[in-house]
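A short write-up of the structure that comes next.
The values are calculated or read from the model by the stated rules, or taken from the named source; none is laboratory data. Source: prediction; values computed, not measured. Ideal geometry is used to build each Cβ from the backbone, glycine not excepted, and the neighbour counts take in all protein chains shown. Areas reflect the complete protein model, heavy atoms only, side chains present, ligands, DNA and RNA absent. Shrake-Rupley method; radii C 1.70, N 1.55, O 1.52, S 1.80 Å.
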Amino acid sequence: MRTPLPIAASIAQRPGYGGHAWAFLQYVLGFRRLGYEPILIDRLTDEMTSDAGGRPSSALQDAAIAWFEQVVEFAGLRNSCSLLLDQGRTIGLDRCELVRSIGAAPCLIDVMGFLGDPELLGASDMVVFLDVDPGFPQLWRELEQADLFSGHDRHVTLGANIGRADCEIPDCGVEWIGMRPPVVLDEWAAAPGRSRAFRSIGCWRGPYDPIEHRERTLGLRAHELRRFAGLPGRVDAEFSLALDIDPADGRDRELLADNGWLLQDPRAVAGSPAQYRDFVRSSGAVFAIAKNIYVATNSGWFSDRSACFLASGRPVLCQNTGFAGSLPVQEGLVAFSTLDEAVEGAAGILGDWPRHARAARDVAEEFFDSRKVLGELLAKLGAG
């Protein structure tokens, strides 16, 4: 019998966002490749599925549940998952089964402290906080806005530079274990693509507000992407952006369209885990913009989406968040900080796309292979 390894994450709340689901499936499927029996735990309250008037919506809840079931079916997790609902109800494993499995596991991984369930957290000998949005939880705690770290025994972050003198994110007195986002390589085989097509996918703003800290604003992806809006006009290539953007941001939509960006609905082009994978693998390359908070703090964060493109043999033109000191950034992965550097990087990729495509896969195999990344994580936690 395989040893269980529970992972608490938020998937049900984002129906139709295949890339968001894959960010967590990499961990689940990656631990399975290491011989564990991963257990995906999610929760869905009535408040999370309220309509615009703040009233619980059965239609929204049904859509969220259907999405969760679609994702776990895709990942082969039908018998090792649980969606926690109000009044103690569950879909999948019941609470007693969860408590037993958590108690038998070497650790419980809690993404962004999302679980928030004292009984389940208390069933584990080692609760691991996994920070996938470095800067936000640390500054919330420093500014006394929220403390997501309490109730956790160990702390892991994708902000690889936290704790270093050149990183502005406070460590909050916590000993952080830095890691890179894992990719299950056999799920991301390279496929034919268009060498002159740069793609990108993401949220214009995202779920969090900017943070005021030390007399400056640490912002979102919108604040960075505006700086590079003119890129398509300086590079002989197609630039498409599958962008989750609110109708209220009409001026920004016009700015991007006027500068030559082909705008797409991410739910239309990547609305399921399978469709998202096809979106990545059929691209030529990716142009990756980070949230301003990642860049301004020199966090060292690296995108799970960019890691998927690398694994698929797709060159990545990626905004530098401080990762350039620990990853190779000459072939396959090309870092930039300014518009001129982005233009130069795009030209270099287009000038020898086959070489960069081969190098992209090499980078993924060396630095993002889930077997290596997750195996090293468990070793550092003492949970292997």
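A count restricted to the range 321-335 and to residues that are open to solvent by 40 Å² or more (accessible area, probe 1.4 Å), in contact with a helix residue (DSSP H, G or I) (Cβ under 9 Å, 6 or more places away or on another chain) and of a type outside the set (D, E) stands at 3.
Hey, can you tell me all the residues within the range 249-268 that are farther than 28 Å from A347 by Cα and open to solvent by 50 Å² or more (accessible area, probe 1.4 Å)? First the steps, then the outcome.
Residues of the range 249-268 farther than 28 Å from A347 by Cα: 249-251, 267-268.
Once the filter is applied, which keeps residues that are farther than 28 Å from A347 by Cα and open to solvent by 50 Å² or more (accessible area, probe 1.4 Å), the range 249-268 yields R251, R267, A268.
The residue of the range 336-353 that is nearest to N298 (Cα to Cα), among those that are open to solvent by 30 Å² or more (accessible area, probe 1.4 Å) and either assigned to a loop (DSSP other than H, G, I, E, B) or among the small types (G, A, S) (or both), is S337.
Between R2, R95, which is open to solvent by 40 Å² or more (accessible area, probe 1.4 Å) and touching a Lys or Arg at 6+ places or on another chain (Cβ under 9 Å)?
Values: R95 fails: touching a Lys or Arg at 6+ places or on another chain (Cβ under 9 Å).
Step by step, each of R2, R95 is checked, and only R2 is open to solvent by 40 Å² or more (accessible area, probe 1.4 Å) and touching a Lys or Arg at 6+ places or on another chain (Cβ under 9 Å).
Whether any residue in the range 29-43 is closer than 25 Å to G271 by Cα, surrounded by 14 or more Cβ atoms within 10 Å (Cβ to Cβ), of a type in the set (D, E) and in contact with a Cys (Cβ under 9 Å, 6 or more places away or on another chain) is what I want to check. There is at least one residue in the range 29-43 that is closer than 25 Å to G271 by Cα, surrounded by 14 or more Cβ atoms within 10 Å (Cβ to Cβ), of a type in the set (D, E) and in contact with a Cys (Cβ under 9 Å, 6 or more places away or on another chain). Go through (1) crowded, with 24+ Cβ neighbours inside 10 Å; (2) free of Cβ contacts under 8 Å to residues at least 60 places away in the same chain one by one and return the number of the condition M48 breaks. With (1) crowded, with 24+ Cβ neighbours inside 10 Å; (2) free of Cβ contacts under 8 Å to residues at least 60 places away in the same chain applied to M48, the lone miss is (1).
Residues that are in a helix (DSSP H, G or I), closer than 22 Å to A222 by Cβ, open to solvent by less than 10 Å² (accessible area, probe 1.4 Å) and touching a strand residue (DSSP E or B) at 6+ places or on another chain (Cβ under 6 Å) within the range 284-318 comprise I293, S306, F309, listed in sequence order.
Which is within 26 Å of W204 (Cα to Cα) and of a type outside the set (V, I, T), of G345, G382?
Values: G382 fails: within 26 Å of W204 (Cα to Cα).
So the residue among G345, G382 that is within 26 Å of W204 (Cα to Cα) and of a type outside the set (V, I, T) is G345.
Would you point out which residue out of L108, L121 is in contact with a helix residue (DSSP H, G or I) (Cβ under 9 Å, 6 or more places away or on another chain), surrounded by 19 or more Cβ atoms within 10 Å (Cβ to Cβ) and hydrophobic (A, V, I, L, M, F, W, C)?
Working: L121 fails: surrounded by 19 or more Cβ atoms within 10 Å (Cβ to Cβ).
Within the list L108, L121, the selection yields L108.
Of all residues in the range 190-202 being at pLDDT 85 or above and surrounded by 18 or more Cβ atoms within 10 Å (Cβ to Cβ), which is nearest to the chain's Cα centre (by Cα)?
Step one: of the range 190-202, the residues at pLDDT 85 or above are 196-202.
From what is left, the residues that are surrounded by 18 or more Cβ atoms within 10 Å (Cβ to Cβ) are 198-202.
Details: F198: 20, R199: 17, S200: 14, I201: 12, G202: 10 Å.
The qualifying residue nearest to the chain's Cα centre (by Cα) is G202.
I'd like to check something: does the range 118-133 contain any residue that is under 30 Å from L241 (Cα atoms), modelled with pLDDT of 95 or more and assigned to a helix (DSSP H, G or I)? No, there is no match, as no residue in the range 118-133 is under 30 Å from L241 (Cα atoms), modelled with pLDDT of 95 or more and assigned to a helix (DSSP H, G or I). Considering the range 149-173 alone, what residues qualify as being crowded, with 19+ Cβ neighbours inside 10 Å, within 20 Å of M126 (Cβ to Cβ) and in contact with a Lys or Arg (Cβ under 8 Å, 6 or more places away or on another chain)? Residue satisfying the conditions is L158 alone. Specify the residue that is farthest from H20 (Cα to Cα); the eligible residues are those in the range 230-248 that are surrounded by 15 or more Cβ atoms within 10 Å (Cβ to Cβ) and free of Cβ contacts under 8 Å to residues at least 60 places away in the same chain. By that ranking, first place goes to P232. Number of residues in the range 53-111 that are assigned to a loop (DSSP other than H, G, I, E, B) and of a type outside the set (S, T, Y): the value is 14. Evaluation of F368 against the conditions (1) closer than 21 Å to K291 by Cβ; (2) surrounded by fewer than 23 Cβ atoms within 10 Å (Cβ to Cβ) shows that the sole unmet condition is (2).
Evaluating L256 against the criteria (1) part of a helix (DSSP H, G or I); (2) touching a strand residue (DSSP E or B) at 6+ places or on another chain (Cβ under 7 Å); (3) of a type outside the set (F, W, Y); (4) closer than 25 Å to A364 by Cβ leaves one unmet condition, (4). Starting from the range 108-126, keep only residues that are under 15 Å from F149 (Cα atoms), then list their pairs with residues that are modelled with pLDDT under 95 and open to solvent by 30 Å² or more (accessible area, probe 1.4 Å) whose Cβ atoms are within a distance under 6 Å, requiring at least 6 positions of separation or different chains. So the pair list comes out as L121/G151. For the range 203-217, the tally of residues that are surrounded by fewer than 18 Cβ atoms within 10 Å (Cβ to Cβ) and farther than 28 Å from I11 by Cβ stands at 5. Checked against the criterion of being at pLDDT below 95, basic (K, R) and farther than 26 Å from R14 by Cα, the range 223-231 has no qualifying residue.
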